[in-house]
């Protein structure tokens, strides 16, 4: 039996299913675009531009050889390749990358600088006491405003700043055994060559 009464329910069932089908297609597309991509390859609008000129106060009572360690001073970027790491004691991947940053700090051609993100001074000092302090300066970003100026998506993130004070590279996510040589050290070497 055919007629207008039977065609109408079929049409309605397709209209009900259409949003679900569209949602499923979009989900698959997003998964392929975002889910399988490397988050460390997110482009930054700051690459090739001067590092943000925001000064940050030092991490309270953090000393090296009895002297208070400096905070973040963008003027100190000029003349030496710097690696800027945004970290926090409450950040789980920051604990994993800490030994690698200590290893990286052995390279005397670079200056390793920390931005302590939305952390308490006591917890940050305990973190550095536990793993060792790789930083020659640590600025405190208590409210997260400076990290926004750096274009930080979340901690940890690491930047390479050339001798000219311009950001040469940005790594989103932790420094790992897999990416320290293939990505970070490669970009540091480029910065050392190009900013002579």
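Odds and ends about this structure:
- Rounded to 5, percent antiparallel among DSSP beta bridges of the range 102-196: 50
- Part-to-part distance (alpha-carbon centres) for the range 43-86 and the range 162-189, which is given in Å: 16
- Share, in percent, of DSSP beta bridges within the range 40-194 that are antiparallel, nearest 5: 55
- Kirkwood analysis of the range 86-196, using all unique Cα-Cα pairs, places the hydrodynamic radius at 14.2 Å.
- Shape of the range 72-112, Cα gyration tensor, a/c cut at 1.5: oblate
Bear in mind these aren't lab numbers, they're just calculated from the coordinates by the rules spelled out. Computed from a prediction, not measured in an experiment: that's the story for all the values here.
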